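See below for the structure under consideration.
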Amino acid sequence: MTATVDSNSPHPNTAHPKHNLTGFIIFLCSESVIFLAFFSGFAILKTSALNWLPVGVEGLEWRMPLINTVVLVSSSGTIWLAERCMAKGNLPGFRAFWLVTMALGAYFLYGQAVEWSGLQFGFTSGTFGGTFYLLTGFHGLHVATGVFLMGLMLVKSFIPQNYAGGDQGVQATSLFWHFVDVIWIILFVLIYVWQRT
């Protein structure tokens, strides 16, 4: 039996728009499993290690990461506002809030680079050094990917009638960004807060 699409439908290429994000949600679930494995490994290694921190390192500076956390969490608000503008057909508002979100994401990456450049240990500095750079670097890669995806969606917003058939790309990018934010909050607690308790 062949499925037919109503030619009079306003969105002929999106017969089942609610199902378009299913694959992406499954992808985010698989990413969650990877991060959960990293979080569990970090916790197990930390609680079982005799000498957790590298020699000469007493702890991590937390002020810059805290600023980065505020910036990244704030970006979840701006991307939500961008989505609201898109839903109302307000493309200028969408672009403005979308650009602010991209700027906040770029600032986060800059802050992480500044932090890395001032650390007194490297990737090969014991178990802590390896896990620290693996976790923050892997997350940073996701942030960079999110900023790239937002750039693509921004460019597409200038194509006439591009979002006439739905804005699933914007929705998927927004979901990915919220996911990245939640992952960072967990990382911040594990890496920076836990050491101070």
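The values are calculated or read from the model by the stated rules, or taken from the named source; none is laboratory data. Predicted, not measured: the structure shown is a model, and the values here were computed from it. Virtual Cβ from ideal backbone geometry, glycine too; neighbours counted across all protein chains shown. Heavy atoms of the whole protein, side chains included, go into the accessibility calculation; ligands, DNA and RNA do not. Shrake-Rupley method; radii C 1.70, N 1.55, O 1.52, S 1.80 Å.
When you check residue 96 against the structure, is it at pLDDT 95 or above, assigned to a helix (DSSP H, G or I) and more than 18 Å from the chain's Cα centre (by Cα), yes or no?
On the way: at pLDDT 95 or above: yes; assigned to a helix (DSSP H, G or I): yes; more than 18 Å from the chain's Cα centre (by Cα): yes.
So residue 96 passes the test.
All but one of (1) open to solvent by 40 Å² or more (accessible area, probe 1.4 Å); (2) within 14 Å of the chain's Cα centre (by Cα) hold for residue 194; which doesn't?
For residue 194, the exception is condition (2).
Taking segment 122-140 only, how many residues are touching a residue at least 40 places away in the same chain (Cβ under 8 Å), part of a helix (DSSP H, G or I) and within 16 Å of residue 54 (Cα to Cα)? Lay out the reasoning, then the answer.
Taking segment 122-140 first, the residues touching a residue at least 40 places away in the same chain (Cβ under 8 Å) are 125-129, 131-132, 134-136, 138-139.
So of that shortlist, the ones also part of a helix (DSSP H, G or I) come out as 126-129, 131-132, 134-136, 138-139.
Now drop any that are not within 16 Å of residue 54 (Cα to Cα), which leaves 126-129, 131-132, 134.
Result for segment 122-140: 7.
Within segment 7-44, take every residue that is modelled with pLDDT of 90 or more and more than 21 Å from residue 141 (Cα to Cα) and give me the one that is farthest from the chain's Cα centre (by Cα).
Among those residues, the one meeting the criterion is 44.
Given the options 146, 137, 151, 165, name the one that is more than 17 Å from residue 32 (Cα to Cα), small (Gly, Ala, Ser) and at pLDDT 95 or above. Walk me through it before giving the result.
Details: 146 fails: more than 17 Å from residue 32 (Cα to Cα); 137 fails: more than 17 Å from residue 32 (Cα to Cα); 165 fails: at pLDDT 95 or above.
Within the list 146, 137, 151, 165, the selection yields 151.
Yes or no, residue by residue, for (1) open to solvent by less than 60 Å² (accessible area, probe 1.4 Å); (2) within 15 Å of residue 180 (Cβ to Cβ):
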position: 68; (1), (2): yes, yes
position: 83; (1), (2): yes, no
position: 90; (1), (2): no, no
position: 93; (1), (2): yes, no
position: 100; (1), (2): no, no
position: 115; (1), (2): yes, no
position: 121; (1), (2): yes, no
position: 125; (1), (2): yes, no
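Out of all the residues in segment 53-68, which are under 21 Å from the mean Cα position of the chain (by Cα) and either among the acidic types (Asp, Glu) or within 30 Å of residue 156 (Cβ to Cβ) (or both)? So that I can check it myself, show each step before the final result.
In the first step, residues of segment 53-68 are kept if they are under 21 Å from the mean Cα position of the chain (by Cα); the result is 62-68.
Residue satisfying the conditions is 68 alone.
Within segment 154-179, take every residue that is open to solvent by less than 20 Å² (accessible area, probe 1.4 Å) and not β-branched (Val, Ile, Thr) and give me the one that is farthest from residue 73 (Cα to Cα).
Let us first name the residues in segment 154-179 that are open to solvent by less than 20 Å² (accessible area, probe 1.4 Å), namely 157, 170, 172-174, 176-177.
Next cut, not β-branched (Val, Ile, Thr) only: 157, 172, 174, 176-177.
Details: 157: 24, 172: 18, 174: 13, 176: 13, 177: 10 Å.
If we take residues in segment 154-179 being open to solvent by less than 20 Å² (accessible area, probe 1.4 Å) and not β-branched (Val, Ile, Thr), then 157 is farthest from residue 73 (Cα to Cα).
Yes/no per residue for (1) touching a Gly at 6+ places or on another chain (Cβ under 6 Å); (2) farther than 30 Å from residue 51 by Cα; (3) assigned to a loop (DSSP other than H, G, I, E, B):
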{"residue": "89", "(1), (2), (3)": "no, yes, yes"}
{"residue": "100", "(1), (2), (3)": "no, yes, no"}
{"residue": "120", "(1), (2), (3)": "no, no, yes"}
{"residue": "150", "(1), (2), (3)": "no, yes, no"}
{"residue": "158", "(1), (2), (3)": "no, yes, yes"}
